[in-house]
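Before any comments, here is the structure.
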Amino acid sequence: EAQVTQNPRYLITVTGKKLTVTCSQNMNHEYMSWYRQDPGLGLRQIYYSMNVEVTDKGDVPEGYKVSRKEKRNFPLILESPSPNQTSLYFCASSPQVLAYEQYFGPGTRLTVT
Amino acid sequence: AQKITQTQPGMFVQEKEAVTLDCTYDTSDQSYGLFWYKQPSSGEMIFLIYQGSYDEQNATEGRYSLNFQKARKSANLVISASQLGDSAMYFCAMRRAQKLVFGQGTRLTINP
């Protein structure tokens, strides 16, 4: 089944404790992206990757890191999480950047206390 | 800076009625794409419809159509014959170059 998977789905952590949210797609897509969703703000793009080893900042990259060592994986790293990073996070992929449809993962709900 | 605005935080519609969800955008680019996504209470993001800036015809997908008015910079979603299962959050989004920008969303509730 073609899909984007994220792990974990739910995470409660404490301020300053490094964490990684994994994202994997099995559709051989070139383009991958991370978003955070907050009430009243919609989804905001954190980082995106056009292909392996090519990543760039979205609109809200502060406090996040990403890497794209393999085409299928695009982990999101929070080196020192803070409470303002409490949010719902989505990973998405598409065949290429100009594709008209992005495939979203199921979301990861992160709480930082 | 590019921006997407959805002015209706919430809408309530009777089942079987048509509903229009508003979306306006701001860009100086000539080439861009406009999307609508549905997010039911279960949380997943479901792609509904796409309109390219050079497309002359309004996009349609089943009960969904996109009313694209380029000069007014609006891309409203029209759902015909609404169903209870249409109750969800709806997001308008614009693709510019490699980025995707979302509006704040509209929560649609369909009443029986």
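Listed by first and then second residue, the pairs linking a residue in the stretch B:84-100 that is touching a residue at least 12 places away in the same chain (Cβ under 8 Å) to a residue that is among the acidic types (D, E), with Cβ atoms under 7 Å apart and 6 or more places separating them unless they lie on different chains, are B:L84/B:E15; B:R96/B:D29.
If you go through the stretch A:48-57 and pick out every residue that is in a strand (DSSP E or B), more than 8 Å from every other protein chain (Cβ to nearest Cβ) and either farther than 16 Å from A:G105 by Cβ or open to solvent by 50 Å² or more (accessible area, probe 1.4 Å) (or both), you end up with 4. Taken over the stretch B:39-58, the criterion of being assigned to a strand (DSSP E or B) and closer than 14 Å to A:Y103 by Cβ is satisfied by B:I46, B:F47, B:L48, B:Y50. Looking at the stretch B:19-30, which of its residues are touching a residue at least 12 places away in the same chain (Cβ under 8 Å), of a type in the set (S, T, N, Q) and open to solvent by 40 Å² or more (accessible area, probe 1.4 Å)? Passing the criteria: B:T20, B:T24, B:Q30.
Being exposed (fewer than 14 other Cβ atoms within 10 Å of the Cβ) and at positive phi holds for only one residue in B:G105, B:G62, B:G43, B:G85, and it is B:G62.
Mind checking whether some residue in the stretch A:33-47 is over 21 Å from B:K38 (Cβ atoms), open to solvent by 10 Å² or more (accessible area, probe 1.4 Å) and within 14 Å of chain B (Cβ to nearest Cβ)? For the stretch A:33-47, residues over 21 Å from B:K38 (Cβ atoms), open to solvent by 10 Å² or more (accessible area, probe 1.4 Å) and within 14 Å of chain B (Cβ to nearest Cβ): present.
For the stretch A:58-88, residues that are over 17 Å from A:Q37 (Cα atoms) and open to solvent by less than 20 Å² (accessible area, probe 1.4 Å) total 2.
Rundown of residues vs (1) within 13 Å of another protein chain (Cβ to nearest Cβ); (2) modelled with pLDDT of 95 or more; (3) open to solvent by less than 10 Å² (accessible area, probe 1.4 Å), yes/no style:
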{"residue": "B:Y32", "(1), (2), (3)": "yes, no, no"}
{"residue": "B:F47", "(1), (2), (3)": "yes, no, no"}
{"residue": "B:L66", "(1), (2), (3)": "yes, yes, yes"}
{"residue": "B:N76", "(1), (2), (3)": "no, yes, no"}
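Any residue at all in the stretch B:84-96 that's more than 18 Å from A:R44 (Cβ to Cβ), assigned to a loop (DSSP other than H, G, I, E, B), of a type in the set (A, V, I, L, M) and within 13 Å of the chain's Cα centre (by Cα)? No, that holds for no residue. Within the stretch B:52-59, one or more residues are within 14 Å of chain A (Cβ to nearest Cβ), loosely packed, with under 14 Cβ neighbours inside 10 Å and within 30 Å of A:V54 (Cβ to Cβ). Name the residues in the stretch B:1-24 that are within 13 Å of chain A (Cβ to nearest Cβ) and part of a strand (DSSP E or B), would you? Of everything in the stretch B:1-24, those that are within 13 Å of chain A (Cβ to nearest Cβ) and part of a strand (DSSP E or B) turn out to be B:K3, B:I4, B:T5, B:G10. In the stretch A:21-32, the residue that is nearest to the other protein chains (Cβ to nearest Cβ) out of those that are hydrophobic (A, V, I, L, M, F, W, C) and part of a strand (DSSP E or B) is A:M32.
The values are calculated or read from the model by the stated rules, or taken from the named source; none is laboratory data. Everything quoted here is computed from the prediction, not taken from an experiment. All Cβ positions, glycine included, derive from the backbone under ideal geometry; neighbour counts span all protein chains shown. For the accessible areas, the whole protein counts, side chains as well, though only heavy atoms, and no ligand, DNA or RNA atoms are used. Shrake-Rupley method; radii C 1.70, N 1.55, O 1.52, S 1.80 Å.
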